[in-house]
Structure formats: structure tokens, C-alpha cells
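Working notes for the structure below.
Derivation of every value follows stated rules applied to the coordinates shown; laboratory data play no part. Remember, predicted model here, so these are calculated numbers, not experimental data. Counting neighbours? That spans all protein chains shown, and the Cβs are built from the backbone with ideal geometry, glycine included.
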């Protein structure tokens, strides 16, 4: 039996600003730091600035669970008919996006920080979704 693990979210968010860790997503540098990774799941903290977004995509078999930490963001999903639905991602909110659900994440103000938990990690994949209302 393994002991419980503790992760300091404040420290992880501060590391985004201090260490400048980024990943490239659709030609944008997005601040990102890993919180933890196990054989079953992974979690990272992200910061998007004004105008940044994670483009529309789907996952075949994983849940994306978003936890709002700071600022204001938006998660847009599309139903099977292509109709969009927006969900605010504010501090203290949790948004679950289940497998096969097209979704994108964007910054709604100056910045948004959120934790993204993905599970089951071993089934991770990502597929572009041609959103009907995506910017060109």
C-alpha cells in the first residue's frame, strides 16, 4: 500500500510564472506544469493568456476533468449535431468532458489557470475536431 501523495497547487501555479515552463499547442506557447503522473492518471496545471486556446479535439477513451483555479476560461463542447455549448471555467468550478466529446478550452479574460486530470492515462489519444465555428 502506498501512502497518500500531497501536491501544492499554489506552488505549481507559481512555478508557471517563475520557471516559464511551456508546451507548444497550435503554434502557441502555453504555460504548463505537471502535478503528477501515475500508471493510471495524469494531472497538469495550465495557464492560458488572453486570446489563447486549446483547439477543438476529442479523445477516444479518456475523461478530461478540468478544475478552475484562477481567472476565467471557457470550455466549448459540441453535440452530435454540431451545436456548440459553452461552460464557464471559473475558480472553484469543475467540468467533466467524457470520451468522444469534442471540446476546446479558451481564455475568456486576461488569463485562466486550471488543472486538467486525465484518466485512464494508458488510453490517451487526441484527434482534431473540425469545429463548425472555429476561428480560421
Computed FRET efficiency, Cβ-Cβ of residue 29 and residue 83, R0 25 Å: what is it to the nearest 0.05?
0.20
Taking the Cα-to-Cβ direction at residue 41 and at residue 18 and moving 7 Å from each Cα, how far apart do the two end points lie in nm?
2.6
For percent of Cα pairs over 24 Å apart, the listed values are [x] 55; [y] 72; [z] 27; which was obtained by calculation from the structure presented?
[z]
Do you know the relative contact order of the chain, to the nearest whole percent, from alpha carbon pairs under 8 angstrom that are 6+ apart?
29
The FRET efficiency for residue 93 and residue 2, from their Cβ-Cβ distance with R0 = 30 Å and rounded to 0.05, is 0.50
For a label point 7 angstrom out from the Cα of residue 11 toward its Cβ, which stretches of segment 43-62 have the backbone nitrogen within less than 18 Å?
43-46
